[in-house]
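Peer 1: Supplied in structure tokens, the structure appears directly below.
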Amino acid sequence: MTIFALSYALGGPVLVAWLDSFPRKRLIILALVGFSLANLLAAFAQSWWFLALARVLAALTAALFMAPASAAAVALSPPEKRGHALSITATGNALALAMGAPLGTIAGTVWGWQGAFMLVASLGGAAAVGIGLMLPSVPPAPIVPIQTRFALLRQSSVRRGLAVSFGLFVCALTAYTYLTPLAHQAAGMDSRWVAALMAVFGAVATVAGVAAGSMINRYGSRRILFISIGIMVGLFSLMGGLATLHHSGRAETAVMILLAALWGGAWWSGGIAQQHRMTDMAPGQHAAILALHYSMQFFGISVGGALGGLILAFMGIPDVAFGAAVTGMITLIGL
């Protein structure tokens, strides 16, 4: 997982910048085909190093899909509908979050760990066929030299925006990676309850993804992002308090379910709002700016998991939630 996240974060922006002049629809299809082949390689891996190589290839092809796909959604929509377009692509991510873990668990149980990779490969192949048949021709992106694309990083507004992208995901993943011990400590929940929490999280995230576009168009992306992070700070603080009290009962279970629902809605709405803010910073370079945004997301995933692990090892379970809240507060200050 760490190899995938770091490969995506480091290699994604370079590949997208290098190949962004390639016809957008064809690039998306080839990226999905490459992603499927990489997962097939993982399924037949006979050593750890071969599996690691397959994960690197999967990460790079995933990066070649994500930013161009979101940029295609923006390019196919009028400016006033950009928030709605991004919310549609993010809704796909939320559905994947809600359904991916259960499907992977079932595939792993029935066919072994290789079956999970084969399932992902088949889904990627089906997506490539579907996009080939249904996605209309995407307007070509303006040809911008690769040096100009990375010159975006010289803009202070872009750097601050990317720092917010990073902070948002560190905040969420510090707690999400360790949801199982948090839920057990806060409400006595076992693994079955944690699976239910994840389902609630994903379901509300999906609904929030659908609604986020209209909210962004009405209230503005910065306001939605500020509210979303503020909600996450509050709910992580409450979650840490519950874990400190260490009671288990119906009331604590109900509160944890409510917190998971708010968490899913806030995180997903905030993520979509942040994507919208980043595209506003580079009107003619949507794929390039989104590639940088997704890169910071994956850095945030890596750092969030590591930070939560350090807090868990040296402090305690409640402090994982409090640490996530502090990270959210720092991100709010940067916003």
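Peer 1: Would you check if residue 331 is assigned to a helix (DSSP H, G or I), farther than 28 Å from residue 88 by Cα and polar (S, T, N, Q)?
Peer 2: no
Peer 1: Could we say that residue 97 is modelled with pLDDT under 70 and in contact with a Phe, Trp or Tyr (Cβ under 9 Å, 6 or more places away or on another chain) here? First the steps, then the outcome.
Peer 2: Working: modelled with pLDDT under 70: yes; in contact with a Phe, Trp or Tyr (Cβ under 9 Å, 6 or more places away or on another chain): yes.
Yes, satisfied.
Peer 1: Are any residues in segment 17-41 more than 26 Å from residue 118 (Cα to Cα) and of a type in the set (A, V, I, L, M, F, W, C), and if so, which ones? Write out each step before concluding.
Peer 2: Let us first name the residues in segment 17-41 that are more than 26 Å from residue 118 (Cα to Cα), namely 17-24.
Once the filter is applied, which keeps residues that are more than 26 Å from residue 118 (Cα to Cα) and of a type in the set (A, V, I, L, M, F, W, C), segment 17-41 yields 17, 18, 19, 22.
Peer 1: Going by the structure shown, is residue 109 open to solvent by less than 30 Å² (accessible area, probe 1.4 Å) and either over 29 Å from residue 265 (Cα atoms) or modelled with pLDDT under 75 (or both)? Steps first, please.
Peer 2: Numbers: open to solvent by less than 30 Å² (accessible area, probe 1.4 Å): no; either over 29 Å from residue 265 (Cα atoms) or modelled with pLDDT under 75 (or both): yes.
The answer is no for residue 109.
Peer 1: Against the definition (more than 30 Å from residue 224 (Cα to Cα) and at pLDDT 75 or above), how does residue 77 come out, yes or no?
Peer 2: It is false that residue 77 is more than 30 Å from residue 224 (Cα to Cα) and at pLDDT 75 or above.
Peer 1: Inside segment 52-87, can you point out the residues that are under 28 Å from residue 119 (Cα atoms) and not hydrophobic (A, V, I, L, M, F, W, C)? Even if it seems obvious, please write down each step before you answer.
Peer 2: Filtering segment 52-87 for residues under 28 Å from residue 119 (Cα atoms) gives 52-73, 85-87.
The answer is 55, 61, 68, 70, 87.
Peer 1: Within segment 69-81, work out how many residues are in contact with a helix residue (DSSP H, G or I) (Cβ under 8 Å, 6 or more places away or on another chain) and open to solvent by 50 Å² or more (accessible area, probe 1.4 Å). Spell out the reasoning first.
Peer 2: Taking segment 69-81 and keeping what is in contact with a helix residue (DSSP H, G or I) (Cβ under 8 Å, 6 or more places away or on another chain), we get 69-77, 80-81.
Next cut, open to solvent by 50 Å² or more (accessible area, probe 1.4 Å) only: 76, 80-81.
Total satisfying the criteria: 3.
Peer 1: When you go through 291, 282, 273, 243 one by one, which is the residue that is among the hydrophobic types (A, V, I, L, M, F, W, C) and either more than 29 Å from residue 158 (Cα to Cα) or surrounded by fewer than 19 Cβ atoms within 10 Å (Cβ to Cβ) (or both)?
Peer 2: Numbers: 291 fails: either more than 29 Å from residue 158 (Cα to Cα) or surrounded by fewer than 19 Cβ atoms within 10 Å (Cβ to Cβ) (or both); 282 fails: either more than 29 Å from residue 158 (Cα to Cα) or surrounded by fewer than 19 Cβ atoms within 10 Å (Cβ to Cβ) (or both); 273 fails: either more than 29 Å from residue 158 (Cα to Cα) or surrounded by fewer than 19 Cβ atoms within 10 Å (Cβ to Cβ) (or both).
Just one listed residue meets the conditions, 243.
Peer 1: Would you be able to say whether some residue in segment 215-234 is of a type in the set (A, V, I, L, M), open to solvent by 60 Å² or more (accessible area, probe 1.4 Å) and farther than 22 Å from residue 325 by Cβ? Spell out the reasoning first.
Peer 2: Pass one, segment 215-234, residues of a type in the set (A, V, I, L, M): 215-216, 224-225, 227, 229, 231-233.
If we keep only those that are open to solvent by 60 Å² or more (accessible area, probe 1.4 Å) too, we end up with 215, 227, 231.
Now narrow it down to the ones that are farther than 22 Å from residue 325 by Cβ: 215.
There is at least one residue in segment 215-234 that is of a type in the set (A, V, I, L, M), open to solvent by 60 Å² or more (accessible area, probe 1.4 Å) and farther than 22 Å from residue 325 by Cβ.
Peer 1: Is at least one residue of segment 183-191 open to solvent by 50 Å² or more (accessible area, probe 1.4 Å), at pLDDT below 80 and assigned to a helix (DSSP H, G or I)?
Peer 2: Initially, segment 183-191 is screened for residues open to solvent by 50 Å² or more (accessible area, probe 1.4 Å), giving 184, 190-191.
Still in the list and also at pLDDT below 80: 190-191.
Filter once more, keeping what is assigned to a helix (DSSP H, G or I): 191.
Among the residues of segment 183-191, at least one is open to solvent by 50 Å² or more (accessible area, probe 1.4 Å), at pLDDT below 80 and assigned to a helix (DSSP H, G or I), which makes the answer yes.
Peer 1: Identify all residues within segment 26-68 that are crowded, with 17+ Cβ neighbours inside 10 Å and charged (D, E, K, R); write none if there are none.
Peer 2: The one that is crowded, with 17+ Cβ neighbours inside 10 Å and charged (D, E, K, R): 55.
Peer 1: Are there any pairs, at least 6 apart or on different chains, whose C-beta atoms fall under 8 Å, with the first in segment 224-252 and more than 11 Å from residue 328 (Cα to Cα) and among the hydroxyl-bearing types (Ser, Thr, Tyr) and the second assigned to a helix (DSSP H, G or I) and open to solvent by less than 30 Å² (accessible area, probe 1.4 Å), and if so, which?
Peer 2: Going by the 8 Å Cβ cut-off, the qualifying pairs are 244/318; 248/187.
Peer 1: Only one of (1) buried (at least 21 other Cβ atoms within 10 Å of the Cβ); (2) within 16 Å of the chain's Cα centre (by Cα); (3) not hydroxyl-bearing (Ser, Thr, Tyr) is not met by residue 95, so which one is it?
Peer 2: Unmet condition: (1).
The values are calculated or read from the model by the stated rules, or taken from the named source; none is laboratory data. Everything numeric in this text was worked out from a predicted model, so none of it was measured. Cβ atoms come from the backbone with ideal geometry, glycine included; neighbour counts cover every protein chain shown. When the accessible area is computed, the model is the full protein with side chains, heavy atoms only, and any ligands, DNA or RNA have been set aside. Shrake-Rupley method; radii C 1.70, N 1.55, O 1.52, S 1.80 Å.
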